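**Q** This is the structure, below, for whatever I ask next.
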Amino acid sequence: MLTKLVTTQKSWLVALGLLASSYAFANTGANAAVNASEPIYHYQPAEVVKANIEAALNSQQIDTTQLEIQVDDKGIVNAAGEVASRADADNITKIIQGTESVYAVFSKFVYPKL
């Protein structure tokens, strides 16, 4: 009798676990369907992104006349130019990365070796 009771309790626990798992997977699928309609990345024209990058750099008092900044339509930025130090190069790269609609930054800055 005790064995039958334990087996029945285990069966109920397994059924309850399967029901909870089914509910969790069903909700995940529903959420994925909702999120699938939303864009993963919001694109902006390359000219707009470049203007935003230059504005962000200028707001930090960084002279952009010595920098070459190229942006493609997918938000990939190639930045190059002469800067005073590695810290300046890292700072410029971080500012570019933080600009809206920038997907990736490839920087090729030149600075004097110490």
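The values are calculated or read from the model by the stated rules, or taken from the named source; none is laboratory data. Small disclaimer: the values here were computed from a predicted structure and weren't measured. Positions of Cβ are backbone-derived with ideal geometry, glycine not excepted, and every protein chain shown enters the neighbour counts.
**Q** Can you give me the number of residues within segment 89-114 that are more than 16 Å from GLN60 (Cβ to Cβ) and either more than 19 Å from the chain's Cα centre (by Cα) or not assigned by TED's automatic domain parsing to the domain that holds GLU68 (or both)?
**A** Counting residues in segment 89-114 that are more than 16 Å from GLN60 (Cβ to Cβ) and either more than 19 Å from the chain's Cα centre (by Cα) or not assigned by TED's automatic domain parsing to the domain that holds GLU68 (or both) gives 6.
**Q** What residue, among those in segment 39-70 that are under 24 Å from the mean Cα position of the chain (by Cα), farther than 15 Å from LYS108 by Cβ and not in a helix (DSSP H, G or I), is modelled with the highest pLDDT?
**A** GLN60
**Q** For segment 71-93, what are the residues that are within 15 Å of VAL105 (Cα to Cα), outside any strand (DSSP E or B) and either hydroxyl-bearing (Ser, Thr, Tyr) or touching a Ser or Thr at 6+ places or on another chain (Cβ under 8 Å) (or both)?
**A** Result: GLY75, ALA89, ILE92, THR93.
**Q** Here's something else I'd like to know. Can you go through ALA51, ALA87, ALA55 and tell me which one is surrounded by 13 or more Cβ atoms within 10 Å (Cβ to Cβ), on the phi < 0 side of the Ramachandran plot and without any contact (Cβ under 8 Å) to a residue 24 or more places away in the chain?
**A** ALA51
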